[in-house]
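Derivation of every value follows stated rules applied to the coordinates shown; laboratory data play no part. All values derive from a computational prediction rather than experimental measurement. Don't worry about glycine lacking a Cβ; one is built from the backbone with ideal geometry, like all the others, and counts go over all protein chains shown.
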Amino acid sequence: MPSLSDITTAILTGGLGTRLRSVVSDMPKVLVDICERPFLTFLMDQLVAAKARDVVLCTGHMADKINEVLGSGYKSLKIVHSREPEPLGTGGALRLALPHLNSDAVLVMNGDSFVDVDLATYTEWFFKRDRQASLLLVKVPNTARYGKVIAAEDGRLTAFAEKGLDARPGWINAGIYIMKKSLVASIPADVVFSLEREFFPSLVDKGLYGFCTNGKFIDIGTPESYRQAQEFFLDKKFLDGNNCINKELKEMD
């Protein structure tokens, strides 16, 4: 069974960060200072803890700054950069990185959010069944900001509710995916394309599953959540770079 050391991880780092510009305007969103270190390094340490090896940074906005900070490696990780010539959306950026994806399945992470989850356990779960793609899901008290993910009893994802339509508690897409490389290849090349709005909804009833975790979740997309992230990472285990701890994880029930 493949482990995280056997598959490539792609991190989506090309977002414009327009909502954060009132707080941070001179750097890409993924490099904002959280507890005196770039936010992206928390994801990198999580991958190191899970024994990942190969990382592709899908860059765009202020790509040079990301390259300057992380270069070709971070601790035990080997890094390559896939730079958009123009904004292509999350799906388009991932499709552009296809030549650098050197495994039959790929772990994909949003570069502006973090989930305290054991990525090795998530990877093991994915390969236990014939799944084509999966979303890591977390439960939040109000799904209106994110949009709600709806699943069947066996964990198959059956629908996505748009943002703003449901303010009740529910499961949301936490921005960490595993998918077969052949699916990445099916994304249209050189066009703007969204994983969240176009790609994943097209996979409903076609082998798309959800994996639930009770791990803490944070994103840094707004000034408010950016401030909350400072508190989120004050926990000593995060500051020490040991941010991937084992928790009880289960399939959606």
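The label point for ASP205 and the one for LYS128, both projected 7 Å from the Cα toward the Cβ, are 2.7 nm apart. Going from the fewest other Cβ atoms within 10 Å to the most, the residues THR143, THR121, THR13 appear in the order THR121, THR143, THR13. Please report the net charge: other residues with Cβ closer than 9 Å to the Cβ of ALA133, K and R +1, D and E -1. With Lys, Arg at +1 and Asp, Glu at -1, the net is +3. Divided by 2.2 N^0.38 Å, where N counts the residues, the Cα radius of gyration of segment 4-239 comes to 0.95. Residues ASP54, ASP6, ASP235, arranged from fewest to most other Cβ atoms within 10 angstrom of their Cβ, appear as ASP235, ASP6, ASP54.
Of SER82, SER3, the sequence from fewest to most neighbouring Cβ atoms within 10 angstrom is SER3, SER82.
Couplings 3J(HN,Hα) for segment 136-149, derived from phi with the Karplus relation 6.51 cos²θ - 1.76 cosθ + 1.60 (θ = phi - 60°), are 7, 10, 10, 9, 10, x, 9, 8, 4, 5, 9, x, 9, 9 Hz, where x marks Gly and Pro. Report the paramagnetic label zone for SER72: residues of segment 84-100 whose backbone N is under 19 Å from a point 7 Å from Cα along the Cα-to-Cβ axis. Backbone N within reach: 99-100. For segment 4-239, the share of DSSP beta bridges that are antiparallel, to the nearest 5, is 55%. Place a label point 7 angstrom from the Cα of LYS181 along the Cα-to-Cβ direction, then list the residues of segment 85-104 whose backbone nitrogen is under 15 Å away. Once the point is set 7 Å along Cα→Cβ of LYS181, 95-104 turn out to lie under 15 Å by backbone N, inside segment 85-104. Per-residue extension of 0.36 nm, minus the Cα-Cα distance of ARG83 and GLU224, leaves a gain of 47.9 nm for this segment.
Site-free segments of the chain were taken between GluC sites (Glu not before Pro) in DSSP loops having at most 10 other Cβ atoms within 10 Å, sites themselves excluded; the longest one is 37-152.
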